[in-house]
Amino acid sequence: MHRGRSLDVIVSADIVNAPWSKLVEPKRYAVAALVAEVVDALCEPELAVPEAYALVARMLSAVAESDAPGALLPRFTLRLLDMLGLAPPADSCVRCTARLDGTHAWVDAEAGGLIDRACRESWRDLPELDADDLENFAALGAAKETGAAAVRARPRAARAIEDILAHHLGRRPKAGAHLAELAAETS
């Protein structure tokens with residue numbers, strides 16, 4: 001700071017922590033693009049949602065530091081859906097609201113969540129989640145303050161969240177295809 005007669009003048013500023021330079025790496029950029037696409041599609045224009053902004057800022061910082069940024073998407077997605085009041089309950093059927101038994105549930109993306117054995121039509125080939133997947137699904141959507149939160153998704157839980165997101169968007173995110181291409185190139 002330079003001391004003047006009556007006003008202090010700022011002569012320089014340094015950025016303490018900026019994730020932007022790391023976000024240009026292709027995988028990180030694809031994840032950041034997917035985050036932006038999802039927020040743009042789910043949030044109303046001209047309607048400020050400070051919690052969503054904070055979630056996006058934390059997500060971009062985490063993506064910049066992660067070696068596997070795509071693995072962070074399921075938790076981000078469930079937390080955003082929860083924040084917007086769209087998250088499916090992790091412990092009850094979205095059709096009949098009965099508690100899930102905790103051993104098996106099926107992903108009914110058209111209904112927007114998980115269904116129990118009684119609501120499952122046997123003729124439909126719905127993805128099934130076992131007890132470990134259900135526990136992981138619930139932990140991914142849990143607030144960090146609860147102490148029960150998980151960051152990494154099991155494969156079936158991640159796919160369930162992708163399907164539920166597609167239901168709310170009315171389509172699969174376009175950036176998701178690019179992310180899948182990048183994942184295929186590296187494996």
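Key figures
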{"item": "Tally, over the range 151-185, of residues that are outside any helix (DSSP H, G or I) and in contact (Cβ under 8 Å) with a residue 60 or more places away in the chain", "result": "4"}
{"item": "Filter result for Leu23 (in contact with a helix residue (DSSP H, G or I) (Cβ under 6 Å, 6 or more places away or on another chain), surrounded by 11 or more Cβ atoms within 10 Å (Cβ to Cβ) and over 22 Å from Pro155 (Cα atoms))", "result": "yes"}
{"item": "Unmet requirement for Gly141, which otherwise passes all of (1) in contact (Cβ under 8 Å) with a residue 24 or more places away in the chain; (2) surrounded by fewer than 21 Cβ atoms within 10 Å (Cβ to Cβ)", "result": "(2)"}
{"item": "Filter result for the condition that a residue is outside any helix (DSSP H, G or I), of a type in the set (Phe, Trp, Tyr) and farther than 29 Å from Ala52 by Cα, over Trp123, Trp106", "result": "Trp123"}
{"item": "Single condition Ser21 does not satisfy, out of (1) at pLDDT 95 or above; (2) more than 20 Å from the chain's Cα centre (by Cα); (3) among the polar types (S, T, N, Q)", "result": "(1)"}
{"item": "Residue check, Gly176 more than 17 Å from Leu81 (Cβ to Cβ) and modelled with pLDDT under 95", "result": "no"}
{"item": "Among the residues listed as Thr103, Thr97, the single one being over 23 Å from the mean Cα position of the chain (by Cα) and at positive phi", "result": "Thr97"}
{"item": "Unique match (being touching an Asp or Glu at 6+ places or on another chain (Cβ under 8 Å), at pLDDT 85 or above and hydrophobic (A, V, I, L, M, F, W, C)) among Ala142, Ala138, Ala149", "result": "Ala138"}
{"item": "Filter result for Leu34 (modelled with pLDDT of 90 or more, surrounded by 14 or more Cβ atoms within 10 Å (Cβ to Cβ) and of a type in the set (A, V, I, L, M))", "result": "yes"}
{"item": "Single residue of the range 42-84 satisfying the filter (within 20 Å of Val107 (Cβ to Cβ) and among the small types (Gly, Ala, Ser)) that is surrounded by the fewest Cβ atoms within 10 Å (Cβ to Cβ)", "result": "Ala71"}
{"item": "Test: residue in the range 111-118 that is closer than 14 Å to Leu78 by Cβ, in a loop (DSSP other than H, G, I, E, B) and out of contact with any Asp or Glu (no Cβ under 9 Å at 6 or more places or on another chain)", "result": "yes"}
{"item": "Of residues in the range 28-54 being touching a residue at least 12 places away in the same chain (Cβ under 8 Å) and charged (D, E, K, R), the one farthest from Pro74 (Cα to Cα)", "result": "Glu51"}
{"item": "Residue match in the range 99-115 (condition: out of contact with any strand residue (DSSP E or B) (no Cβ under 8 Å at 6 or more places or on another chain), exposed (fewer than 13 other Cβ atoms within 10 Å of the Cβ) and hydroxyl-bearing (Ser, Thr, Tyr))", "result": "no"}
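The values are calculated or read from the model by the stated rules, or taken from the named source; none is laboratory data. The shown structure was predicted, so the numbers you read here are calculated from the model rather than taken from an experiment. Note: ideal-geometry Cβ built from the backbone for every residue, glycine included; neighbour counts use all protein chains shown.
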